[in-house]
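Presented below is the structure to which this report refers.
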Amino acid sequence: MPGTFTTVYIVAFELDDRDQAVRAFEPRVAANEEAAMEVLITKHVGVVVWRRQNDPVVGEEGESEVVFSVGRVGEFG
């Protein structure tokens, strides 16, 4: 659709002192899905990659669509 674009996000998780999955960093924008999936899972207990369709002309952001999820994850969006 003209004027729309897709944004891909990634976030990784670590375990806290109560063994709960917490964000290792705030969600980051990735160049594309392939680049986002290159995060090394060996450094984190979980990784989530998701995308959203955006239409800046009308100021709308679509629903999150999980592309890839592995390991232990918590709240990500």
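The values are calculated or read from the model by the stated rules, or taken from the named source; none is laboratory data. Note that the structure is predicted; figures quoted are calculated from it, not measured. Ideal geometry is used to build each Cβ from the backbone, glycine not excepted, and the neighbour counts take in all protein chains shown. Surface areas here come from the heavy atoms of the whole protein model, side chains and all, with no ligands, DNA or RNA. Shrake-Rupley method; radii C 1.70, N 1.55, O 1.52, S 1.80 Å.
Ordered by packing density, taken as the mean number of other Cβ atoms within 10 Å over each peptide's residues, highest first, how do 56-63, 17-24 rank?
Working: 56-63: 9.8, 17-24: 12.2.
Ranked by mean Cβ neighbours within 10 Å, highest first: 17-24, 56-63.
Two decimals is fine: what's Rg over Rh for the stretch 32-74, C-alpha atoms, Kirkwood radius as Rh? Numbers along the way, then the final one.
Details: Rg = 13.0 Å, Rh = 11.8 Å.
My calculation of the ratio gives 1.10.
Quick check: pseudo-label points 7 Å beyond the Cα along Cα→Cβ at K43 and T7, how many nm apart are they?
Going by the 7 Å Cα→Cβ label model, 2.3 nm.
Calculate, for the chain, the solvent-accessible area per residue in square angstrom, rolling a 1.4 angstrom probe over the heavy atoms of the protein chains. Each step should come with its number before you reach the end.
Details: 5170 Å² over 77 residues.
I get 67 Å² per residue for the chain.
Roll a 1.4 angstrom probe over the protein heavy atoms and tell me the percent of accessible area of the chain that is carbon or sulfur. Can you show the working numbers first?
Values: 2630 of 5170 Å².
Within the chain, the accessible surface is 51 percent carbon and sulfur.
For the stretch 2-20, list residues with backbone N below 19 Å from a point placed 7 Å from the Cα of V58 toward its Cβ?
It comes to 2-7, nothing else.
Rounded to the nearest 20 Debye, what is the dipole magnitude of the stretch 1-65 about its Cα centre when Lys and Arg each give +1 and Asp and Glu each give -1 at the C-beta? Could the numbers behind the result be given before it?
Details: 6 positive and 13 negative charges, 27 e Å.
Using Cβ point charges on Lys, Arg, Asp and Glu, the stretch 1-65 gives about 120 debye.
Looking at the stretch 1-40, which GluC sites (Glu not before Pro) are DSSP coil and have at most 14 other C-beta atoms within 10 Å of their C-beta? Can you show the working numbers first?
Values: sites: E14, E33, E34, E38; in loops: E38.
Here the sparse-neighbourhood loop sites are E38.
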